[in-house]
Structure formats: C-alpha cells, structure tokens
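Laboratory data are not the source of any read-out in this text; all were calculated from the coordinates shown. Remember, it's a predicted structure, so these values are computed and weren't measured experimentally. Quick reminder, even Gly has a Cβ in these numbers, built from the backbone with ideal geometry, and neighbours come from all protein chains shown.
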Amino acid sequence: MPPWGAALALLLAALALLGLLAPRLRRAVGARAVPGAPGQDHREEADGGGAADRFSDGREPLPGGCRLICKPSALARCLLSALRRSTALEPLPRSWLSGPHLQTLCHFVLPVGPGPELAREYLQLADDGLVALDWVVGPCPRGRRVTNAGGLPAVLLVIPNAWGRLTRNVLGLCLLALERGYYPVIFHRRGHHGCPLVSPRLQPFGDPSDLKEAVTYIRFRHPAAPLFAVSEGSGSALLLSYLGECGSSSYVTGAACISPVLRCREWFEAGLPWPYERGFLLHQKIALSRYASALQDTVDTHKLFRSRSLREFEETLFCHTKSFPISWDTYWDHNDPLRDVDEAAVPVLCICSADDPVCGPPDHFLPTELFHSNPYFFLLLSHHGGHCGFLRQEPLPAWSHEVILEYFRALTEFFRTEERMKGLSRHRASFLGGRRRWGTLQKREVSPSSHLEEIFSWKRSYTR
C-alpha cells in the first residue's frame, strides 16, 4: 500500500474512531438515524422500507427489499425475472457491516491485499498522452466458465472512480468476473494509478475522448468478443458520457454503474459530508503533487493545492487554466454525464443504496424521471449498502458484483433469443416472399401486357 494510501486510511479511520463521523454525517445527509441505533429497524418497518419505497410503484418487489425502477419493456421483464431468481439479493442477518459508513470506509480505506495478476499496457493517444490498461490475467481458477456461446470470453471493461484509487471492490469484481469466464481490463486515466503524465493535460470529469481511443484499441485486440462495461462511483460520469456521445456505435453490449454520481454539478456544489470531502480532496492532492512542476505552466498550482473543497479543486484544475480559461457553466455543458443521455443505445443498470453517505438521499441525487422514461436505463435501489459497498460477510463477494454478472448473463440470453426470433422471421418472410413472387410471375406470363398496375404493385411489395 503506498504511503499516501496509508495516510488516507489513517485519516478516515481516526475520524471514525474519534466519534466525529456519525454526528457530522447526520447533519449533512439530513438527520438520518445512525445505523444500528435503537428503534431504527422498527421505524423502517413502520414506513414500509424508507426512502427506497418512495421511488417505486410497488409492482417490482425483489428479494432483500430491493426495487427495480424502469420503464416497462420486454427487456425489463427479462431483467426482473433474472433478479427475482438471484440468490445474491436474498436478505442475510444484520452484522457489524450493515452500517452505511462502515460499508463505505471498508471499501475505500482497508488495504487491497492480494489482488489479481495484472498485465499492464500503455496506450499512446492522438495527442501523445498516455492511458493505462491493466489486463487481469490470473490467477486462473479451475472450472472457468465461458460466458459466450461462440467460445470467446467476453471482455469486461472496468472504470474505477474519478479519483484514481483502485479499491478492494474493483479488484474483487475483476477476480469474480475472471472466475465466471470474462476477460477483465481496468482503464486508468492520465496520471492515475502509476500511469505517467507525459503531457500537462488531465482528463476532465466527463470527457470520454481518451476512453473512446481505449475502446477502439480493445476492439482491435478482441474484434469478435462481446464487450461489457462497469464503472464505480464517480467514474460512472465517464462511462455515461461515452455511451451518450457514441450512441449505437459504442461497441458495448451492456453496462452497469455502481453507486453512480448522476447529478454531478449539484454534487460538487453541495459538497460532501466533511470527512469524505477532506479524504477525497487529500487523496487528489497527494496524487497530483508528483506532477506539480509539470502542471505549473498550465494551472495555478499554489491555488490548486490550497483548495478547501472538491469544487474549488475541480474549478482550479480545469476552468481557471492559464492557456484557455472557461466558466464553471461552460465546463459542465461539456462534462455533464447526462448531457447526451437520450442518445445512449445500450442497457445500463445502476445499483444504488438509499443510505449512500457520499451521494446523499435518493430524492436529491437520483433523477428518477430518467429511469421511468428511458427504456435503456434501469435502477436497482436497495435499503442498505453505503457508497460502492454492498458488502457481505467474508468470503462472499459484494452482492452488487453477483447481480451485475447475472445482469450481463440475462442480457446475453435476451439478445440471443431476439436474434433467433429475428432469424426465424426473416426466414419465414423470405419463404413467403418466394411463394408470392412465383405466383405473380405465373400470372404475368398469362397476361404480360394487360395488368401493368398489378406488376407495379408486385414490385413495391417485393422491394419494400
């Protein structure tokens, strides 16, 4: 674990142990009860489950008190059926991990431990910048299942959070996906997780230009393999921006977002509860401090490293540049992840928790009209899970990982069935069209010049 990671872990752990975390978060998130407080379970039962139930019409109940919020469709029915059969959503006895802050802190603070074997590739971009791709190559489990009927393993593109920290859950997802027959690859932005910053340009919050080049390269390496994508937390802004800008040309079969930040500008402007705000801000300052001399020609590094909020840090880094300054409004016009959401043509499953201490209450951070109106977006809302946590007792993986892989399997089966039905329809149409053409040709031979109107109609029906 790097020294800055240990410092961040000690900072957040000390805040929790000193008792500063719970009371401050209660005031910041809206005076919600501390998990495990006396009478909390009774109040949840009395109001029918709390915040999660206010966003569902009650017709999509799932195990564990989860709710699926979406626009009715054939794909929605298929996904709902798969989730009802899922064992990952079955409720487990409450444990010390049930609290949202512990779920979140365990995810971000605990050391990663022995992770998967990674093979790194550096991809040089069109502007000579570098991004990194970590291919998960081991350990290869016995009895590894292939996810694609054609025999090629599907590629799983994993996008970590926007701060560049590779968390326990990301590596756990990669290991589970490798076991289930996927070929995981982790995308790292410029200057993140050991990727050198060779040019004084960092990737803005929702700019998918670097990700486009990375996906093109992945398709070049695996042209026949299906491509799925998963993002974590604030990294979802990058994935959603990519899906919106590329539309039906994204090459992605299905996508999933774990605890996504959807209303990003409001999220930055409102600020996080102060322990998380200070922790994430400290992490970014430490990560960029090694590039201070390289960035001093483009940004005011003195002001950058004296920033007191995530908004001030983001605004100084990308808006108040020395070469091309822009306003805060203009920045979000180009980086809002939902700016082109109507163009997205890929099913997206968002897994969120009603007790997320980083994003806040669901009625503040979830644009539920998106899930009710767009047939490609699905929201799985649970009562508990924290931010990107969704942890269970060891050695069980996070239940969000199980649900995501089951969702991808359901998508594959659904699209395979759709293609089979389309193939049968085309075969039947060609067969009936051949019979229709043969009968019409016989009629034309009987009277070749007296039924020009019928011949014209036949041509239209055949070429329609």
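Listing for the model above:
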item	result
5 angstrom amide H check on residue 256, placed H, neighbours 5+ away	229, 230, 231, 349
Extension gain from residue 269 to residue 73, taking 0.36 nm per residue of separation minus the Cα-Cα distance	67.0 nm
For region 118-126, Karplus couplings with θ = phi - 60° (6.51, -1.76, 1.60), whole Hz, Gly/Pro x	10, 10, 8, 10, 9, 10, 7, 8, 5
Packing rank of 350-358, 324-332, 367-375, where each peptide gets the mean count of other beta carbons within 10 Å, highest leading	350-358, 367-375, 324-332
Segment residue 300-residue 422, extension gain: residue separation times 0.36 nm, minus the distance between their alpha carbons	38.1 nm
Relative packing of 71-81, 202-212, which averages over residues the other C-beta atoms within 10 Å, highest first	202-212, 71-81
Sequence ranges 286-292, 174-180, ranked by mean other-Cβ count within 10 angstrom, highest first	174-180, 286-292
